1. Kindly indicate whether any position in the range A:6-22 is buried (at least 17 other Cβ atoms within 10 Å of the Cβ), assigned to a loop (DSSP other than H, G, I, E, B) and more than 14 Å from chain B (Cβ to nearest Cβ).
2. How many residues does the range B:74-98 contain that are more than 22 Å from the chain's Cα centre (by Cα) and in a loop (DSSP other than H, G, I, E, B)?
3. Is it fair to say residue A:179 is closer than 16 Å to residue B:682 by Cβ, more than 9 Å from every other protein chain (Cβ to nearest Cβ) and in contact with a helix residue (DSSP H, G or I) (Cβ under 6 Å, 6 or more places away or on another chain)?
4. Being within 11 Å of chain B (Cβ to nearest Cβ) and either touching a residue at least 60 places away in the same chain (Cβ under 8 Å) or on the phi > 0 side of the Ramachandran plot (or both) narrows it down to one residue among A:158, A:148; which is it?
5. If I ask for residues that are within 11 Å of chain A (Cβ to nearest Cβ) and touching a residue at least 60 places away in the same chain (Cβ under 8 Å), which ones from the range B:918-948 would you list?
6. In the range B:106-134, which residue that is assigned to a strand (DSSP E or B) and modelled with pLDDT under 90 is farthest from residue B:78 (Cα to Cα)?
7. Count, please, the residues in the range B:378-390 that happen to be surrounded by fewer than 23 Cβ atoms within 10 Å (Cβ to Cβ) and outside any loop (DSSP other than H, G, I, E, B).
């Protein structure tokens, strides 16, 4: 059975971009095909991708705004055509693109009379505006228009209650969904038992993300969702591998992804010191003696390796792996073989 | 009739016209009429004479602007000045002065009045016209009685009856009746006159000969009056004729029952062929005689009976008449007051001036009372602009002199053929007042004497030219009126065509050449609300009624949207409602901001103040957004700013929503509605609500109440929003329980002494515990939002107290949520049952998720097929960016003109946008949808399209309510009903069974022990709650529990009490 799989998988599915375009700066379109797929696979991937595209992709939005000398958002400022609330709604619509996580600050400081558009936003370096013509407000008098903005990256949408904000800070309901619409269709070809399928994916984004990028992100997010299964199975299968003594190429893909995952994690883990975790001081001292300070240091060791450290018994190893599992959802490999 | 020769086309009259015209009639005619009726007043010695010159009255410019009146809770009124003259004969002095008669509330440009800061409206009333009416009804024995009813101007009525033996009676009360000759002679005619003027003297003579004594009464008027009086008041014994008796009779009977008024005079003149001058407003003996004559004729089958429900027998009492009545009343009071002052002045021998004679209080208070408490002066329904329009055009059968909801028969409530083109056959309220509160048809107007008129095109034989004629309800019955739905298809051979037409309350098919009139306009017969419903002709009338009513309940949404499929009347409804700001003069726009638009007109600057986030009477938000640009030239009448629920000058109450008619996991069972999360986060159904909370400071016996920040014994957290004066700060976000206005009510010191802690404190420290009780204004349960306005109003009361009122305005932004009500325009309504993420919703073949899933079963039994027709062009229009305006019942040039373009448009859209799925020939109008959760294509194609759905004012936030304990009704000891009274639901016997059956152990334990008749346990619980300790478990079982056990035992199960230990599963039995 495994042999069969190998023979089919020689014809690995490939994706192509069939068409792409942009109706406007805020409406990008892309059409992709994935083929060949075995019967039924297209549907599996298609619905999963559609749902991931619509629900799992992160976007950047303005989440708060601070206006000076405004008592509440339902007031009008002399010299501005829009009420404060309308300005906030216009800010909600602005499409942004940013790379890192965390809250960023931006601001607008303009003297009227003129139209304020998205290009007047003074942005932090990592954030970019997609459509500079997006309207924010029209100043009809020579007044200064001063707003501070907070930009965040998240997924889904966030409806905020103004309950905990004061001093002219107004929360803006944020919609972090860069994918406007996604669709898939399946075409099958071939005859008899040898039916193969092509999956077409259509993606419309709001411009902060190219459709292609959205596809990439969606697949990444989907893979991330499957990783817990991969881990659990990897261990079992690796155990099986050792028994069989053979390495299977069909798992190369998962290994690659796990590698990428691992690389990313390593970067993050370098900055986490193990003394932050709730290990007993004895364990900490032992680890310190062999220069294990950060989490990434620790992850270089397998459970067997740890046992070799002086005064480090089975119980301590258990404690360490328990803490790792609890706080970081990482397992220590049992033996050195698993670490590449 | 040629297509290019439609000269007769005319614009639809303004929707608020009926109100303005009424008010203008009052100002122009009614006022003068009443003022001229004001008598010259002389004192007893005829030395002083005062007189008003009503035709030269003046109305002063209102002291405050309308907007300020609303803001300061005042009345928008103007002072009425009338020149007066006072002649003092003995000193030969003539004084002329202009006196202030009082304040007259003015109608504003929206057809409403602002009284005490609240918009109010005076609804037009439909009454029976005064006059004489004939009807027949069987009596107890089954013999038909012919009666003629004389309805007076006051609403009183007297009846003349002919019984089976052709005796004629006048019924004076429910039980008493008197013979006609007595009535006639009491009214002042003698036998000779009677017999001369009667067509059937024989019958009269037989009446007289039947009972001898009647002749005696006829001989003298006095006897007749005495007999009449006796019968009327059932006084027996001997009465002596006196002048006062005669006067009383006249006042009680003749005036109330027989005063016909000007309008009423017409009717008998016409019906009985009389020739009595119009200013004779009382019924005369001739009338009665003629009426009796006619009754006899009716009895012998020669006259016609009247249809009481016919509109020609009804009249409209408009604002003009109501205000005129009130004004007359006020002048009567003024007259008395003037007489009193003159009397007093003559007694004291001082010289009054016209100014001291006339006071303004009678008029001002009369109008204040009228607007405050008259049933026809109503609180303006302001949910959305349409609601306002419809309210202005309401016609009510209720009110003084009218019917009551409980007693009105179903015949009166029914539609009558004479309503055609005058009163809408569809729009009326549901429930108790069904059919009693009607709506004026679009083109109808009020003619002379309060009749309703409808316009028609007159088709003259000679020329092809047409002109418009207004016909009253009686008049059009004798003409053949083509419905106008079906005009000439082929102009050349029009004469051969047969058209549906109305003739004498029947629908007939008549050849064109015999037609006198045709109706002007396909939806001439409907009211404003109904004519906003597209595909009305494909709808059941009951659902159309609900649709028109529900449009009035639509909440203005935060980002309104024009409907894709409409009827074309939207463009008129919005500007006429007064919600949009309209340029009063043409000019160039010079400045715009959120609160003001200024334009320069020939060098002058004209400013238009915009309404920003103001509260309406129904707590919705009124807000105007500028729609013009700086530097633009505007014309007079152009829209400057869109108000609530208007876009570009078109009424837009809802949103175009992608709906699918399919079941979805039972979440749309029984009219429930499933929606996509998109409607939440994209603010599609987000509306604004402004709630007003108010508090009054009064004078108490202990001194005035104070508004202050220093409230003792109150958590500082609750007071955090108060400023130094004790008022809530603008812009603060408040939640349930927060104090909005801090108020202290002084309390007598002794009372606080009685409180134990107060006594203790005084005993120890000798200090007085605060002698004030807090009576703060707090945010009620369920309320939250942003404080946008605090108004502190000082009111001068009558007695010199300075009452202060504080109003706090709290702004809420409400997104749609489970439990809110949404509806279509065609009566398809439902409650949101679930909000799904967009990826879970079924989706179209291009990937677009459906926004709303409706139940297809909701269409069949309700027969509102219009919603299906509506959503298909909606989809096409959405794809092609087109808007459709489809006139209902418009079959003038084509059969089924509204239905025909539905599929072609869809086909066109599919061709034009290269979306083959939009129109699939196998199942046109339906699409193959895909389930968003599984990716499976749904089994059946589904009707999908864009429907226009408003969100209604019935929202969970206003309705949700829970109570654990609260007030009980005194008599029944059951919980009160309703949210406002913190009501609840009685947990009765059956509910307890449900709990017992379900086995909710803790609740049952509580109910059977602590909450039942276990007195000891209840005391212990009280103590435990006060001390804050744990609630003790009662040691013994209460009687109610014992009862339960006995009841169970009587069913014969073995009842044991067993404790099973976990460890050893040893059962430890114990007798209960």
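The values are calculated or read from the model by the stated rules, or taken from the named source; none is laboratory data. Note that the structure is predicted; figures quoted are calculated from it, not measured. Note that we place each Cβ from the backbone using ideal geometry, even for glycine, and neighbour counts take in every protein chain shown.
1. Taking the range A:6-22 as the starting set, the residues that turn out to be buried (at least 17 other Cβ atoms within 10 Å of the Cβ) are A:13.
With assigned to a loop (DSSP other than H, G, I, E, B) added as a condition, the list becomes A:13.
Subsequent filtering for residues that are more than 14 Å from chain B (Cβ to nearest Cβ) retains A:13.
The answer is yes, given that some residue of the range A:6-22 is buried (at least 17 other Cβ atoms within 10 Å of the Cβ), assigned to a loop (DSSP other than H, G, I, E, B) and more than 14 Å from chain B (Cβ to nearest Cβ).
2. Filtering the range B:74-98 down to residues more than 22 Å from the chain's Cα centre (by Cα) leaves B:74, B:77-98.
Checking the rest, the ones that are also in a loop (DSSP other than H, G, I, E, B) come to B:74, B:89-92.
Matching residues across the range B:74-98 total 5.
3. On the way: closer than 16 Å to residue B:682 by Cβ: yes; more than 9 Å from every other protein chain (Cβ to nearest Cβ): yes; in contact with a helix residue (DSSP H, G or I) (Cβ under 6 Å, 6 or more places away or on another chain): yes.
In short, yes.
4. Details: A:148 fails: within 11 Å of chain B (Cβ to nearest Cβ).
Checking each option against the conditions leaves just A:158.
5. Narrowing the range B:918-948 to residues within 11 Å of chain A (Cβ to nearest Cβ): B:930-937.
Answer for the range B:918-948, where residues must be within 11 Å of chain A (Cβ to nearest Cβ) and touching a residue at least 60 places away in the same chain (Cβ under 8 Å): B:930, B:931, B:932, B:933.
6. Restricting attention to the range B:106-134, the residues satisfying the condition of being assigned to a strand (DSSP E or B) are B:107, B:113-115, B:118-122, B:124-128, B:131-134.
Checking which are modelled with pLDDT under 90 leaves us with B:127-128, B:131-134.
On the way: B:127: 30, B:128: 33, B:131: 37, B:132: 41, B:133: 42, B:134: 46 Å.
Ranking the candidates gives B:134 first.
7. 2
To keep it simple, each residue is scored yes or no on (1) at pLDDT below 90; (2) more than 14 Å from chain A (Cβ to nearest Cβ); (3) over 27 Å from residue B:726 (Cα atoms).
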{"site": "B:752", "(1), (2), (3)": "yes, yes, no"}
{"site": "B:755", "(1), (2), (3)": "yes, yes, no"}
{"site": "B:775", "(1), (2), (3)": "yes, yes, no"}
{"site": "B:807", "(1), (2), (3)": "no, yes, no"}
{"site": "B:823", "(1), (2), (3)": "no, yes, yes"}
